[in-house]
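Right, one structure below, let's go through it.
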Amino acid sequence: MAEEKSATLDMGVEVAGLRLPTPLIAASGTFGYGDEYREVADYECIGAISVKGLYLEPREGCPPPRIWETPSGMLNAIGLQEVGIRRFLAEKLPAVRELGKIVIANICGSSLEEYGELAKILDQAEGVSAIEVNISCPNVAEGGIEFGCDPDMAARATEVVRRGTRLPVIPKLSPSASDMAAVARRVAEAGADAVSLINTIPAMAVDVETRRPRLANVVGGLSGPAVRPIAVRMVWEVARGSRLPVIGMGGIANAEDALEFLLVGAAAVQIGTMNFVDPGVWRRTFDGLAAYCRRHEVAALRDLTGTMRSGTAG
Amino acid sequence: MTPSTEAAGPPAPSRADLPPRADQAATLVARNQLSPDAQLLRFESEGPLRVLPGQFAMVRVGGGGLLRRPYSYCDLLDDGAFTLLVKEVGVGTRALMNLPVGGEVSSLGPLGTTFDLPPPDLTPVIVAGGVGIAPFVLFCRRLAQSGRRGIVLLGGRRRPDLYLWDAFERFGMDVRVASEDGSAGHHGLVTALLDAALADAGRPFLYSCGPTGMLLRVAELATAAGVPHQVSIERRMGCGMGCCLGCVVWARPPSGGPEEYLRSCTEGPVFDAETIAWDRDPHPL
């Protein structure tokens with residue numbers, strides 16, 4: 001589906017029971033409700049789309065300023081401005097379904113009950129293939145990161161979603177947890193089918209002239225190439241320390257970046273901040289991955305997962 | 001396509017009515033140093049480009065930071081070239097201003113909503129401060145092409161900050177200027193020229209772009225006088241495509257309904273001024 005590549009190269013991957021035509025997934029919060037980039041991104045390179053985080057009700061989000069550029073990265077404190085699950089299903093989902101893409105709904109709750117309710121609603125929705133459970137947003141007062149930092153809370157949120165749906169459940173882990181592999185093991189016991197990581201890293205910046213924080217929320221989440229080495233390490237730890245498939249993300253801008261995540265154990269990867277920078281990231285990354293597979297005589301891209309060798313590169 | 005000239009007020013913008021968007025390479029072909037810290041840059045894009053007045057591009061240039069930066073299209077020339085007015089404010093603008101002629105950028109556009117031509121019985125009155133004049137060059141070109149005339153009020157700190165004054169005169173506009181240091185025109189703020197301009201226009205339609213303080217004052221006067229007013233809002237932007245939600249303005253949606261955070265890249269940058277809650281976020285940049 002993705003490309004008329006030679007029959008010998010299979011770019012598809014399977015993760016959390018989803019068969020993706022490419023290993024590249026649009027990261028929640030960077031790709032709107034899925035169709036915003038249709039004029040400028042190569043959708044055939046996209047394996048699935050994780051849509052903007054959803055609550056039961058619409059949320060207005062944080063006041064501006066909400067973003068700030070940092071060296072090779074960006075800070076954001078959007079505060080999950082979103083339209084609410086009902087408007088998503090009625091107005092946004094049909095548009096993205098027309099594009100024929102696999103849709104992953106990303107959900108966030110301010111309580112366990114809200115997570116469960118969202119899971120039940122999505123279970124009945126046509127056109128949603130999986131649920132990514134946001135237990136790691138740094139910019140909301142309740143829910144979000146407080147669920148993701150505590151393995152017990154992460155497990156309870158996962159369990160309540162699991163009970164509400166037959167869809168694959170993918171908790172999105174916070175880099176602020178002290179032991180992410182431990183969180184992954186607990187959410188696995190609670191019924192998760194895979195985990196995705198990392199969400200943004202809590203961070204801040206200050207305008208020294210005015211002595212004011214750059215963001216109205218003071219603290220935001222850091223993303224982009226600046227976080228990539230941290231994210232690669234975390235994906236490696238989680239892949240080694242749990243049996244769950246891992247969807248890796250953190251500043252991926254090209255095939256080499258994506259390959260780092262795959263080699264340390266990711267079964268698929270998400271592209272986030274770089275959508276803002278360059279919508280051509282999809283085509284470039286996809287083509288680069290295909291070229292790498294040919295150069296390394298790999299017939300199926302999925303065979304690369306977890307194949308980092310011991311010893312140093314030298 | 002063509003902004004409505006029949007409707008009493010501007011129609012709600014619809015994505016379907018806007019020109020197609022593309023991410024294109026564009027080559028810098030000419031640089032005009034307008035003042036010590038501002039340049040007019042002329043680019044040729046690799047493919048066709050259609051732009052409506054008020055729309056903007058997200059430009060990526062080597063050494064200019066990670067994220068793209070938004071620039072209003074200043075003018076669109078007959079051969080498909082476009083110009084950007086750039087004033088140095090940080091790493092992104094600096095990289096663009098140091099780009100050698102022949103250098104390439106990546107330009108994503110055209111993005112956002114547009115200034116509508118005023119109904120035939122109304123006279124356009126444009127109020128612009130500093131680099132806020134940028135979108136009005138193309139707008140005045142379109143006005144002139146439709147045989148329309150208007151009043152253009154330009155403001156800046158000093159005479160060199162009254163960019164492209166002559167361009168507006170070439171389009172047949174009645175140009176009036178103000179400078180804070182008194183080196184050109186009225187000594188003071190450009191908004192001091194507004195009452196007389198509104199009176200001279202008879203039945204005016206206001207357009208504004210510039211510093212927040214200026215926009216606020218124009219909006220107050222427009223509301224008090226019952227004059228329709230479109231404003232182009234400048235906010236820090238991450239993507240320009242409506243996805244990062246970084247550039248929001250608290251305003252009433254064009255489709256009606258209660259106020260919410262609207263994206264200045266998608267529901268804007270051109271808004272009906274009366275839909276904006278100006279007092280909501282006092283430190284918007």
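The values are calculated or read from the model by the stated rules, or taken from the named source; none is laboratory data. Please read all numbers here as calculations on a predicted model, not as lab measurements. Neighbour counts run over all protein chains shown; Cβ positions are idealised from the backbone, glycine included. What goes into the accessible areas is simple: the full protein's heavy atoms, side chains included, and nothing from ligands, DNA or RNA. Shrake-Rupley method; radii C 1.70, N 1.55, O 1.52, S 1.80 Å.
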message: How large a share of the accessible area of the stretch B:15-111, in percent, is made up of carbon and sulfur atoms when the probe is 1.4 Å and the other protein chains stay in place?
response: 51
- prompt: Amide H to amide H, which residues 5 or more places from B:H229 or on other chains are under 5 Å from it, using H placed in the peptide plane?
  reply: B:L206, B:A273, B:E274
Of all DSSP beta bridges in the stretch A:32-141, antiparallel share, percent nearest 5: 40
task: Note down the accessible area of B:W250, probe 1.4 Å, to the nearest 10 Å².
output: 30
message: Could you give each residue of the stretch B:22-38 its phi-based ³J(HN,Hα) in whole Hz, using Karplus coefficients 6.51, -1.76, 1.60 with θ = phi - 60°, and x for Gly or Pro?
response: 8, 9, 10, 6, 9, 9, 6, 10, 7, 10, 10, 6, 7, 7, x, 10, 9
Heavy-atom accessible surface of the stretch A:173-242: percent carbon and sulfur, 1.4 Å: 50
field: Measure of compaction for the stretch B:15-111 (Cα Rg per 2.2 N^0.38 Å)
entry: 1.00
task: For A:H296, B:H229, write out the residues from largest to smallest accessible area, computed with a 1.4 angstrom probe and no ligands counted.
output: A:H296, B:H229
- request: Counting other Cβ atoms within 10 Å, keep those with at most 10, restrict to DSSP loop, and tell me which GluC sites (Glu not before Pro) in the stretch A:187-292 are left.
  value: A:E209
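Over the stretch A:242-306, calculate the relative contact order: mean separation of alpha carbon pairs under 8 Å at least 6 apart, over the residue count, as a percent.
That works out to 37 percent.
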task: Subtract the Cα-Cα distance of A:T210 and A:D303 from 0.36 nm times their separation in residues, and report this length gain in nm to one decimal.
output: 28.2 nm
field: Under 21 Å between alpha carbons - lysine pairs in the protein assembly as shown that sit 8 or more apart or on different chains
entry: 9
Sparse-neighbourhood loop sites, trypsin sites (Lys or Arg not before Pro) in the stretch A:229-314 - DSSP loop, at most 12 other Cβ within 10 angstrom: A:R243, A:R309
message: Can you sort A:T8, A:T285 by solvent-accessible area, 1.4 Å probe, largest first?
response: A:T8, A:T285
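Which whole-number percent is the relative contact order of chain B (Cα, under 8 Å, 6+ apart)? Don't skip to the end; give the middle numbers.
On the way: 643 pairs, mean separation 47.8, N = 285.
Result for chain B is 17 percent.
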- line: Long-range amide H partners of B:V177, meaning residues 5 or more apart or on another chain whose placed amide H is closer than 5 Å, are B:L154, B:H186
- line: Cβ-Cβ cut-off under 13 Å around A:V13, Lys and Arg +1, Asp and Glu -1: the net charge is -1
- request: Enumerate the amide H contacts of A:V15 below 5 Å, restricted to partners 5 or more residues apart or on another chain; note that Pro and chain-start residues carry no placed amide H.
  value: A:L20
query: With every protein chain in place, what's the accessible area of B:D279 (1.4 Å probe, Å², nearest 10)?
result: 130
- prompt: Just for chain A, what percent of DSSP beta bridges are antiparallel, to the closest 5?
  reply: 40
Around A:M204: net Lys/Arg minus Asp/Glu count, Cβ-Cβ under 15 Å: +2
- prompt: Expressed as a rounded percentage, what relative contact order does the stretch B:15-111 have, with Cα pairs under 8 Å and six or more residues apart?
  reply: 39
- request: Partner chain Cβ atoms within 10 Å, averaged over the residues of B:261-267 - can you pull that number for me?
  value: 2
query: With springs only between Cα atoms under 10 Å, which of A:D42, A:D278, A:D207 fluctuates most in a Gaussian network model of chain A?
result: A:D207
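Plugging the Kirkwood radius over Cα pairs into Stokes-Einstein for the stretch B:125-268, at a temperature of 10 °C and a viscosity of 1.306 mPa s, what D comes out in µm²/s?
99
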query: Taking 0.36 nm per intervening residue step and subtracting the Cα-Cα distance, what contour gain separates A:K120 from A:T8 on full extension?
result: 36.2 nm
Phi-based couplings in Hz for the stretch A:242-259 (Karplus 6.51, -1.76, 1.60; Gly and Pro marked x): 8, 9, 6, x, 10, 9, x, 7, x, x, 5, 10, 6, 5, 4, 4, 4, 5
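If the viscosity is 0.692 mPa s and the temperature 37 °C, what Stokes-Einstein diffusion coefficient in µm²/s follows for the stretch A:1-154 when Rh is the Kirkwood radius over Cα pairs?
Numbers: Rh = 16.7 Å.
Translational diffusion coefficient: 197 µm²/s.
I'd like to check one number: the per residue accessible area of the stretch B:15-111, probe 1.4 Å, reported in Å² as a whole number.
The answer is 38 Å² per residue.
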- prompt: Working out 0.36 nm times the residue gap between B:V101 and B:Q33, then minus their Cα-Cα distance, what length gain in nm do you get to one decimal?
  reply: 23.2 nm
field: Charge dipole magnitude, Cβ of K and R +1, D and E -1 - chain A, Cα centre, debye nearest 20
entry: 360
task: Rounded to whole Hz and in sequence order, give me ³J(HN,Hα) for the stretch B:163-178 from the Karplus expression 6.51 cos²θ - 1.76 cosθ + 1.60, θ = phi - 60°, writing x for Gly and Pro.
output: 5, 6, 3, 5, 4, 5, 5, 4, 7, x, 7, 7, 9, 10, 10, 9
task: With only alpha-carbon atoms counted, please give the Rg and Dmax of the protein assembly as shown, in Å.
output: 25.3, 80
- request: As a check on your grasp of the helix formula, calculate [θ] at 222 nm for chain A: sum -39500 (n - 2.57) over DSSP H runs of n ≥ 4, divide by the residue count, round to the nearest 500.
  value: -8000 deg cm²/dmol
task: Please report, to two decimal places, log10 I(q)/I(0) for chain A at q = 0.07, 0.11, 0.14, 0.15 Å⁻¹ as given by the Debye formula with identical point scatterers on the Cα atoms and no solvent.
output: -0.24, -0.62, -1.03, -1.19
query: How much accessible area is lost when chains A and B come together, counting both sides, with a 1.4 Å probe, in Å² rounded to the nearest 100?
result: 2700
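In the protein assembly as shown, what percentage of the DSSP-assigned beta bridges are antiparallel, given to the nearest 5?
55
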task: Treat every Asp and Glu Cβ in the protein assembly as shown as -1 and every Lys and Arg Cβ as +1, leave all other atoms uncharged, and give the resulting dipole magnitude about the Cα centre to the nearest 20 debye.
output: 680
